[in-house]
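Below: one structure, written as structure tokens.
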Amino acid sequence: MLADPVSVVRHAHALTYVTGIRNGGFWAVLYVVAVIGPALLSGYPTIVAFGVLNLVGLTVVAILLVQSFASVWCVYAALASALVLVGMRRRRRLPDPHRMHGVR
């Protein structure tokens with residue numbers, strides 16, 4: 001992606017990015033493993049649930065919006081990140097036995 005130009009095509013509700021990337025499927029699988037894998041392997045049930053939700057969301061977006069996957073997934077990921085922030089703030093308010101011990 002760094003060597004070739006990236007062009008953007010505007011659609012009614014999303015953007016399509018056109019790149020010269022080779023082996024796109026391979027890189028997509030690596031991305032999914034890197035982004036969703038750690039959540040699925042977590043010891044916290046809520047984090048695992050978050051990982052499952054992300055996997056479902058990624059799958060739905062990939063199936064329904066193949067051409068505009070990158071732009072729609074970025075919006076979904078931003079919304080999911082906001083949910084993570086809310087969850088972390090709520091968890092911080094719980095008494096110590098219900099969260100990890102450490103520096104506050």
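Which ones in region 65-87 are farther than 20 Å from residue 39 by Cα and at pLDDT 80 or above?
Passing the criteria: none in range.
Any residue in region 11-28 that is assigned to a loop (DSSP other than H, G, I, E, B) sitting within a Cβ distance under 8 Å of a residue that is surrounded by fewer than 12 Cβ atoms within 10 Å (Cβ to Cβ) and aliphatic (A, V, I, L, M)? List the pairs, counting only those 6 or more apart or interchain.
19/1; 19/6; 20/1; 20/3; 21/1
Tell me which residues, restricted to region 88-104, are at pLDDT below 75 and surrounded by 13 or more Cβ atoms within 10 Å (Cβ to Cβ).
Scanning region 88-104 gives a single hit, 99.
What pairs come out if I take residues in region 42-58 that are not basic (Lys, Arg) and pair them with residues that are not in a helix (DSSP H, G or I) whose C-beta lies under 6 Å away, six or more apart or interchain?
If the second residue must be not in a helix (DSSP H, G or I), the pairs left are 48/42.
Across region 12-52, what is the number of residues that are touching a Ser or Thr at 6+ places or on another chain (Cβ under 6 Å) and under 23 Å from residue 67 (Cβ atoms)?
Result for region 12-52: 4.
Of the residues in region 12-29, how many are surrounded by fewer than 12 Cβ atoms within 10 Å (Cβ to Cβ) and not aromatic (Phe, Trp, Tyr)?
Total meeting the criteria: 8.
Starting from residues that are outside any helix (DSSP H, G or I) and in contact (Cβ under 8 Å) with a residue 40 or more places away in the chain, keep the ones in region 59-77 and report whichever is surrounded by the fewest Cβ atoms within 10 Å (Cβ to Cβ).
67
The values are calculated or read from the model by the stated rules, or taken from the named source; none is laboratory data. Just so it is clear, the structure is predicted and the values come from calculations on it, not from any experiment. So basically every Cβ, Gly included, is an ideal-geometry build from the backbone, and we count neighbours across all protein chains shown.
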